[in-house]
Amino acid sequence: MPLSEHEQRLLDEMERSLYHNDADFVATVGSGGGRPTYRSIAIGALLGLAGIAVIVTGVMLQLAVLGVAGFVVMFVGVLVAISSPKRLVEEAPRPAEARSKASFMDRMNERWDKRQDGREQ
């Protein structure tokens with residue numbers, strides 16, 4: 001069901017207000033995204049196929065444990081395929097990057113404080 005014009009304007013206004021007033025929240029939610037890479041999709045697909053092969057082998061040999069292990073391998077393959085890329089070993093931030101990020105957040109917090117002080121007076 002489509003929104004009325006009034007509801008659409010209110011929604012747009014609330015969204016703009018959120019972007020302007022809560023920079024920390026927007027930065028947290030906006031950076032969480034990330035699309036899976038082709039490499040993770042390929043590895044996940046290979047794990048999924050290997051899991052199916054282990055399941056079929058477990059059925060042929062009538063070993064339930066092997067079937068369960070195949071399902072686990074297949075499930076892990078699906079998780080790898082749909083997960084966003086993450087570095088396993090996080091590199092320590094370089095001093096220049098750490099300073100620039102901290103100063104950006106400090107500036108955003110200062111702007112927030114100024115904006116809030118301006119409204120209260």
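Condition check ((1) among the basic types (Lys, Arg); (2) over 30 Å from Arg107 (Cα atoms); (3) out of contact with any Cys (no Cβ under 6 Å at 6 or more places or on another chain); (4) modelled with pLDDT of 85 or more) across all residues:
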{"position": "Ser17", "(1), (2), (3), (4)": "no, no, yes, no"}
{"position": "Arg35", "(1), (2), (3), (4)": "yes, no, yes, no"}
{"position": "Tyr38", "(1), (2), (3), (4)": "no, yes, yes, yes"}
{"position": "Thr57", "(1), (2), (3), (4)": "no, yes, yes, yes"}
{"position": "Ile82", "(1), (2), (3), (4)": "no, yes, yes, yes"}
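For beta carbons closer than 9 Å, sequence separation of 6+ or different chains, a first residue in the stretch 35-46 that is outside the structural domain of Ile82 (by TED's automatic domain parsing) and a second that is modelled with pLDDT under 95 and not in a helix (DSSP H, G or I), there are no qualifying pairs. Take the conditions outside any helix (DSSP H, G or I) and at pLDDT below 95 and apply them to Gly44. Does it pass? Answer is no for this residue. Flag: Ala50 does not match the condition of being assigned by TED's automatic domain parsing to the domain that holds Ser83, within 26 Å of Ser84 (Cα to Cα), among the small types (Gly, Ala, Ser) and surrounded by fewer than 15 Cβ atoms within 10 Å (Cβ to Cβ).
The values are calculated or read from the model by the stated rules, or taken from the named source; none is laboratory data. Since the model is a prediction, treat every value here as computed from it, not as a measurement. All Cβ positions, glycine included, derive from the backbone under ideal geometry; neighbour counts span all protein chains shown.
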